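Remarks on the structure that follows.
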Amino acid sequence: MSLLSVVLPTYNEESILLKTILMLKNHLENENINYQLIFVDDGSLDGSWNLILHASGEDPHISGIHFSRNFGKEAAVFAGLAHAKGDCCAVMDCDLQHPPATLIQMFRLWEQGYEVVEGVKRNRGKESVIHRASAVLFYKIMSKATKMDMSAASDFKLLDKKAVGQLLNMPEHNTFFRAMSSWIGFKTIRVEYDVRERESGRSKWSTRSLIHYAVTNIAAYSSLPMQFVTGAGVFSFLLSLVLGAQTLIRYCRGHAVEGFTTVILLILLLGSIIMISLGIIGYYIAQIYEEIKARPRYIISKTTGL
Ligand code: UDP
Ligand code: MG
């Protein structure tokens, strides 16, 4: 019988963890699916790890990985995949926002021969207008950069072990699971699901961390910001042609002393274009530096049940 590994990144989820385990066990056992739950504790500060330890002691289906500190959800997903033994692996949030019923549906599709089953959001749950608008903009840029439709992408996916092997072979430090799992190709199908309200605890994403996440991924996948630098260069060159001609004509006519205001404005404009451009290039250099350091994506301090 084929084994389904479910990877659940966990960060300060003690209030919901036991309920998640119960729900998943119920659904999977009702369907007679042979399964393994891998909780990846991303350096939780609350009692999550103790709950995982306890649960894995009582139930051989449950295992856990504990990071030495918080490395972020991406790292947790990859650590889980690296330790999964299943013939297929699913990744889902452990706050029950990804419905277990959809997991079953995904597994059935895998049995029919699909190698990558992508969960796409039918709705986006409750969000503020600004949040939604920036998410739309981010996915527009990312869709363009990766040449794949990412508008409804999520981290809720089920992958065949072949696909998981390919993902784990990719050496980059800055991983972006939802884009990488589309990039590898394979026989793919999409499954729509409704994002449920978080039942307890709260979202781990602050506005700041979301902006950081967006900027890093745009820089990693797209050279669009660099094209802004080129565009700004072309713009100021054209401007310089026009203003240069005007200045020469004035000089020839003999009234060249005026125009101090123009000089100040030009210095300010060009100065800011140059500094913004340097900042953008610097950001790319920082990313390259991060990659060539080739540090591990995560550090595991403890495991249980593996
Ligand atoms: N998570 C994690 N490390 C982090 C932040 C979040 O492993 O640094 C986990 C979290 O426990 C949850 C999933 O990633 O299982 C999604 O996080 P959250 O629900 O906060 O995000 P949202 O659903 O609001 O996008
Ligand atoms: Mg959530």
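The values are calculated or read from the model by the stated rules, or taken from the named source; none is laboratory data. Since the model is a prediction, treat every value here as computed from it, not as a measurement. With ideal geometry, Cβ positions are generated from the backbone for all residues, glycine too; neighbour counts draw on all protein chains shown.
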Unique residue being farther than 26 Å from Gln166 by Cβ, within 16 Å of ligand 1 (Cβ to nearest atom), touching a residue at least 24 places away in the same chain (Cβ under 8 Å) and crowded, with 24+ Cβ neighbours inside 10 Å when the list is Ser68, Ser44, Ser48: Ser48
Any hit, the stretch 115-133, residues being under 19 Å from Tyr35 (Cβ atoms), within 16 Å of ligand 2 (Cβ to nearest atom) and touching a Gly at 6+ places or on another chain (Cβ under 8 Å): no
Lys73 being surrounded by fewer than 18 Cβ atoms within 10 Å (Cβ to Cβ), within 16 Å of ligand 2 (Cβ to nearest atom) and in contact (Cβ under 8 Å) with a residue 60 or more places away in the chain: no
Residues located in the stretch 174-208, provided they are among the basic types (Lys, Arg), within 16 Å of ligand 2 (Cβ to nearest atom) and within 25 Å of Ser15 (Cβ to Cβ): Arg196, Arg198, Arg202, Lys204
Residue check, Glu290 at pLDDT below 85 and of a type in the set (D, E, K, R): no
In the stretch 7-41, residue surrounded by the fewest Cβ atoms within 10 Å (Cβ to Cβ) [restricted to those that are aliphatic (A, V, I, L, M) and either within 16 Å of ligand 2 (Cβ to nearest atom) or part of a loop (DSSP other than H, G, I, E, B) (or both)]: Met23
Helices (runs of 4 or more DSSP H) contained in the stretch 170-269 and holding at least 2 residues within 16 Å of ligand 1 (Cβ to nearest atom) and surrounded by fewer than 12 Cβ atoms within 10 Å (Cβ to Cβ): 207-221
Contacts under 9 angstrom Cβ, first residue in the stretch 166-187 being touching a residue at least 40 places away in the same chain (Cβ under 8 Å), partner assigned to a loop (DSSP other than H, G, I, E, B) and of a type in the set (Phe, Trp, Tyr), 6 or more apart: Phe186/Tyr114; Lys187/Tyr114
